[in-house]
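Here the structure comes first, spelled out in structure tokens, and everything after it is commentary.
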């Protein structure tokens, strides 16, 4: 289990190691990232690395946790607006714009790590699942607020709509990365928005 630093300097060192590992994983993949590589990139000693992380797997779990926190936390301001159609559209537009600025490279950090870690490390899989759970919960919370205001028709299921929307995000990001085409994400998200609009009460 990772050690939790008691000092600001310790926290900075630990975060620097995690950041270096995340960079290397993004560049080379999990299999191509060694602890020696991480030490060199983070400018950390072996004793520092092993003080904060008991093993390479422990470090990769921290990378998975950091990726989940970054993806979900980076959308916090937009999540607050997911209780209106305009807010949902602004959120989907922001996701597509991000892929455009990245030239459709990188995909979803959570999804990319899932393909490398989920089948070999249960703890890492759980960290990534937690990130997706929080992402889905943010979407669901917005739709539940719409339902509570009577804006969704009777029988509409905010949880199912949120799950469908997150699935559209993940599938769209994968297709965007493989095809180098942000339009893939746009199409997937438009389909999710259509499903939400179909669940609304008529104005």
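Would you check if there is a residue in segment 67-90 being under 20 Å from residue 122 (Cβ atoms) and buried (at least 16 other Cβ atoms within 10 Å of the Cβ)?
Narrowing segment 67-90 to residues under 20 Å from residue 122 (Cβ atoms): 67-69.
If we keep only those that are buried (at least 16 other Cβ atoms within 10 Å of the Cβ) as well, we get 67-68.
The answer is yes; a qualifying residue exists.
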Checklist entry - Of the residues that make up segment 128-145, is at least one touching a helix residue (DSSP H, G or I) at 6+ places or on another chain (Cβ under 6 Å), modelled with pLDDT of 95 or more, more than 29 Å from residue 84 (Cβ to Cβ) and assigned by TED's automatic domain parsing to the domain that holds residue 83? => result yes
Next on the checklist: Against the condition surrounded by 20 or more Cβ atoms within 10 Å (Cβ to Cβ) and touching a strand residue (DSSP E or B) at 6+ places or on another chain (Cβ under 9 Å), how does residue 173 come out, does it pass?
Outcome noted: no
Checklist entry - Quick one: would you say residue 44 is farther than 23 Å from residue 192 by Cβ, surrounded by fewer than 17 Cβ atoms within 10 Å (Cβ to Cβ) and without any contact (Cβ under 8 Å) to a residue 60 or more places away in the chain? => result no
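Could you tell me whether residue 143 is under 24 Å from residue 77 (Cα atoms), surrounded by 19 or more Cβ atoms within 10 Å (Cβ to Cβ) and touching a strand residue (DSSP E or B) at 6+ places or on another chain (Cβ under 8 Å)? Before the answer, list the steps.
On the way: under 24 Å from residue 77 (Cα atoms): yes; surrounded by 19 or more Cβ atoms within 10 Å (Cβ to Cβ): yes; touching a strand residue (DSSP E or B) at 6+ places or on another chain (Cβ under 8 Å): yes.
So residue 143 passes the test.
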Checklist entry - Where in segment 12-85 are there helices (runs of 4 or more DSSP H), lying fully within it, with 2 or more residues that are under 25 Å from residue 136 (Cα atoms) and modelled with pLDDT of 95 or more? => result 56-73, 76-79
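The values are calculated or read from the model by the stated rules, or taken from the named source; none is laboratory data. Keep in mind it's a predicted model, so treat the numbers as computed, not measured. Here Cβ is always computed from backbone atoms with ideal geometry, including for glycine, and neighbour counts include all displayed protein chains.
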